[in-house]
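Following: one structure in structure tokens, then a few remarks.
The values are calculated or read from the model by the stated rules, or taken from the named source; none is laboratory data. Bear in mind the structure is a predicted one, so any value in this text is a computation, not a measurement. Here Cβ is always computed from backbone atoms with ideal geometry, including for glycine, and neighbour counts include all displayed protein chains. With ligands, DNA and RNA removed, areas are computed over all heavy atoms of the protein, side chains included. Shrake-Rupley method; radii C 1.70, N 1.55, O 1.52, S 1.80 Å.
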Amino acid sequence: MNNKIKIIFFGTPKFAEIVFEKIIADGGYEILGVVTTLDEPVGRKQILTAPPTKILAEKNGLKVWQPEKLSDDFLEELADANADLFIVAAYGKIIPQKFLDLPKFGCLNVHPSLLPKYRGASPIQSALLHGEKETGVTIMKMDAEMDHGPIVTSDKRQVTREDTQETLMEKLAEVGAELLLKIIPDYLTGKIEPKEQDHTEATFCKIIKKSDGEIDWNKSAEEIYNQWRAFWPWPGVFFESRIMNYELRIKIIELALTNMVGNNAPGEVFAENNKLFVAGGDGKILEIKKLQPEGKKALEAKEFINGYLK
């Protein structure tokens, strides 16, 4: 007789894939399948691409649901699956209460912030954008409001100056998966009592758009550096500039803070000793190590200097 707890996983991007993979590898649960978003066109050629969690599920022979809407018909289908527990990590849609009420043990969410701080769609980017030195992961029992439910547990982690959206996402996904698997047994037996959040302390973060990557050179060098960290690899940061006789829209691929201070105008790009620099609004200087003019290949700073500044 199979007495394993039956789980349905809700999740879509790389963060969710890392968590989902850890649950599969644990082997202690019967995974009924994954609920994820529709395949989407990706890249310049707009190739229809499956979400990472769908690819992982299919590799493991698991069922995949991709409802366009969380409709009553889909509610009935999930009810028939008779799951004991839903687990959600970066699904990308608000899940109505009637879905959360289906499983016997409710729905646990793996959220990459220390709730109630940074509720919403971009907690990792927001932590980096605001120069946080500490963030973490919260496991909460979901209710119908966004990231509002009672907290089961949380775990803090340091944010390094070198962390980008990509590295911090991977770090927090690993932490979140390990934390989730650690607490599930005690949660199921009632040894852990979820505690209501202090809603007066709640802060919120928005859905990131491509336009958010445009650099305002009047901001300080540190704010610009944090913007790059927050938005690498997507949507990336970019600016438009007239360099020599070229009108260029440039995406910055690799950026670093320096100890230099100059009298350059904000956003002024200049080269010294085969290195490429740009001035922030506070006079402090950033080094552009790698960049990509629109429609061209990515270039190391020295290649760009030789091609555009000489």
Expected max-MSF residue from Pro123, Pro235, Pro185 in the GNM of the chain (alpha carbon, under 10 Å) is Pro185
Gaussian network model of the chain, springs between alpha carbon atoms under 10 Å - residue of Asn259, Asn274, Asn82 with greatest fluctuation: Asn259
Could I have the simple spin-label model distance between Lys63 and Lys289, label points 7 Å from Cα toward Cβ, reported in nm to one decimal? 4.8 nm
Please name whichever of Phe10, Pro233, His148 sits farthest to the positive end of the charge dipole of the chain, dipole taken about the Cα centre and charges placed at Cβ: Lys and Arg +1, Asp and Glu -1. Pro233
Given [x] 14; [y] 21; [z] 25, the label whose value is percent of Cα pairs over 38 Å apart derived from this model: [z]
Just to be sure I understand the model, the point goes 7 Å from the Cα along the line to the Cβ. What's the resulting Arg161 to Glu214 distance in nm? 3.1 nm
With springs only between Cα atoms under 10 Å, which of Gly149, Gly61, Gly280 fluctuates most in a Gaussian network model of the chain? Gly61
Take the Cβ-Cβ distance between Glu222 and Glu272 as r, set R0 to 22 Å, and report the resulting FRET efficiency rounded to the nearest 0.05. 0.55
How much net charge surrounds Gly136 when only other residues with a Cβ under 15 Å from its Cβ are counted (Lys, Arg +1; Asp, Glu -1)? -2
Neighbour cut-off at most 10 other Cβ (10 Å), DSSP loop, GluC sites (Glu not before Pro), region 48-140: Glu68
Within region 34-105, which trypsin sites (Lys or Arg not before Pro) sit in a loop by DSSP and count at most 16 neighbouring Cβ atoms inside 10 Å? Arg44, Lys45, Lys69, Lys93, Lys104
Only sites in a loop by DSSP and with at most 12 other Cβ atoms within 10 Å count here; which trypsin sites (Lys or Arg not before Pro) in region 160-224 make the cut? Arg161, Lys191, Lys206, Lys209
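Can you give the accessible area per residue of the chain, in Å², using a 1.4 Å probe?
For the chain, the per-residue accessible area is 51 Å².
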Treating only the Cβ atoms of Lys and Arg (+1) and Asp and Glu (-1) as charged, compute the dipole magnitude of the chain about its Cα centre; round to the nearest 20 debye. 800 debye
If you take every residue apart from Pro235 with its C-beta less than 12 Å away from the C-beta of Pro235, what net charge results, scoring Lys and Arg +1 and Asp and Glu -1? +1
Relative contact order for the chain: what percent, with Cα pairs under 8 Å and sequence separation of 6 or more? 13 percent
Using θ = phi - 60° and Karplus 6.51 cos²θ - 1.76 cosθ + 1.60, couplings along region 267-284 (whole Hz; Gly, Pro as x): x, 6, 9, 8, 10, 9, 6, 6, 10, 10, 10, 8, 9, x, x, 9, x, 6
Which whole-angstrom value gives the distance between the alpha carbon centres of region 5-63 and region 109-187? 19 Å
If you take every residue apart from Glu21 with its C-beta less than 14 Å away from the C-beta of Glu21, what net charge results, scoring Lys and Arg +1 and Asp and Glu -1? -2
